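Reading through the structure tokens given below for one structure.
Any read-out appearing in this document is the output of simple, stated calculations on the displayed coordinates, not a laboratory observation. Since we're looking at a predicted model, the values are computed, not measured. Here the Cβ positions follow ideal geometry from the backbone for every residue, glycine too, while neighbour counts run over all protein chains shown.
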Amino acid sequence: MRYGGAVEYAHERRIREWNKPYYRLAHWPIWIWVFFLVPGPLTFRLFASDVGWPNLAWLAAVLAGTGAAGLRGQLPGVEPRPYILRFDEDRPNPLYRRVCYTFAWNALLSFAAINMLALVIAAGTGAWRMRQLYQWAYAPACALVVMAGVAGLLPRAGFSTKGEGTERRYFYTAVWSVTAAQTLLLVLWKVLPLSRKTAALKLALFAGTLILMGIAGLRGRLPRTRPIVAGELIIAD
């Protein structure tokens, strides 16, 4: 299908040889959050009840692990200098990028899928099964995403960086869509009572937000969702 949205041209982008300290520091919390979400049932208990010592212990481990990786320049965006300078260049994708983006996709896809399924069940039956779904369905969902990442099937987690100019578009579209939908769902979960009617409302708003933000992203209307293309030659008549 031909893309008809806005694009960015590679030759119009300023090439950044080094990442400034504030730029590197600003990317660190992203990866803290990504890996903090890895134990899904533990994350669910955090939002469903309160912070417990297992959450704090895991957070400390994530801070230590991501901090050490960041100091070695092995977190995307936290490198001393950008790894990708030309978005159509066929270069090996480093292992740390593949690992980080694989678990970023897990944070996006697994949680959204389980929450969607829980809403469908609640809207259809009036019974909330979110705790059970996180206990039994999260691990298979996470494993499926990780296997896709190992196979190089996920955008930005492949074996090569050749498609980076386009793959970033899908990644950031998913980031904007899922983040907006999950934030809205969290607010609705806190302010609305648990009932079949409110579950149907939450489902409609959750799915609608995913769809609307997804369309906006795929049209290049959201930050970092425009594909980066090589550009065009201008030939005088």
So which GluC sites (Glu not before Pro) in region 131-237 are both in a DSSP loop and have at most 11 other Cβ atoms within 10 Å of their Cβ? Glu232
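Could you give the longest part of the chain that holds none of the chymotrypsin sites (Phe, Trp or Tyr not before Pro) found in DSSP loops with at most 14 neighbouring Cβ atoms within 10 Å? Can you show the working numbers first?
Details: sites that count: Tyr3, Trp18, Phe159.
Longest gap between qualifying sites, sites excluded: 19-158.
If Lys and Arg each add +1 and Asp and Glu each add -1, what is the summed charge of the other residues whose beta carbon sits under 11 Å from the beta carbon of Asp90? Spell out each step's value before the answer.
Details: positive: Arg86, Arg91, Lys162; negative: Asp88, Glu89, Glu164.
Net of charged neighbours comes to 0.
At 222 nm, what helix-only mean residue ellipticity would the chain give, in deg cm²/dmol to the nearest 500, using -39500 (n - 2.57) for each DSSP H run of four or more? If you can, show how the numbers build up before the last one.
Working: 8 runs with 146 residues, N = 237.
Only helices count here, giving -21000 deg cm²/dmol.
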How would Met147, Met213 line up from fewest to most surrounding beta-carbon atoms within 10 angstrom? Met147, Met213
Amide hydrogen neighbours beyond the local backbone of Ile228, cut-off 5 Å, H modeled: Glu8, Thr166
To the nearest 10 degrees, the tilt of helix 21-36 (Cα long axis) against the first principal axis of the alpha carbons of the chain is 40
According to a simple spin-label model (label point 7 Å from Cα along Cα-to-Cβ), what is the distance in nm between Leu85 and Trp189? 4.5
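For the pair Val229 and Arg72, what calculated FRET efficiency results from E = 1/(1 + (r/R0)^6), where r is the Cβ-Cβ distance and R0 = 35 Å, to the nearest 0.05? Walk me through the numbers on the way to the answer.
Values: r = 33 Å, r/R0 = 0.94.
It comes out at approximately 0.60.
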By how many degrees, between 0 and 90 and to the nearest 10, does the Cα long axis of helix 196-218 differ from the longest principal axis of the chain? 0
Can you list which of the trypsin sites (Lys or Arg not before Pro) found in region 51-146 are DSSP loop residues with at most 14 other C-beta atoms within 10 Å? Arg72
Summing Lys, Arg as +1 and Asp, Glu as -1, what charge do residues with Cβ under 11 Å from the Cβ of Gly77 carry, Gly77 excluded? +1
Checking the cross-link filter: which lysines have an alpha carbon closer than 20 Å to that of Lys202, excluding same-chain neighbours under 8 positions apart? Lys190
Extent along principal axes [Cα atoms of region 8-229; Å; largest to smallest]: 54, 40, 32
Partner lysines whose C-alpha sits under 27 Å from that of Lys20, ignoring same-chain residues fewer than 8 away, are Lys162
Please state the relative contact order of the chain as a whole percent: Cα pairs under 8 Å, 6+ residues apart? 27
Go through region 136-143 residue by residue and turn each phi into a ³J(HN,Hα) via Karplus (6.51, -1.76, 1.60, θ = phi - 60°); whole Hz please, and just put x for glycine and proline. 10, 9, 5, 4, x, 5, 4, 4
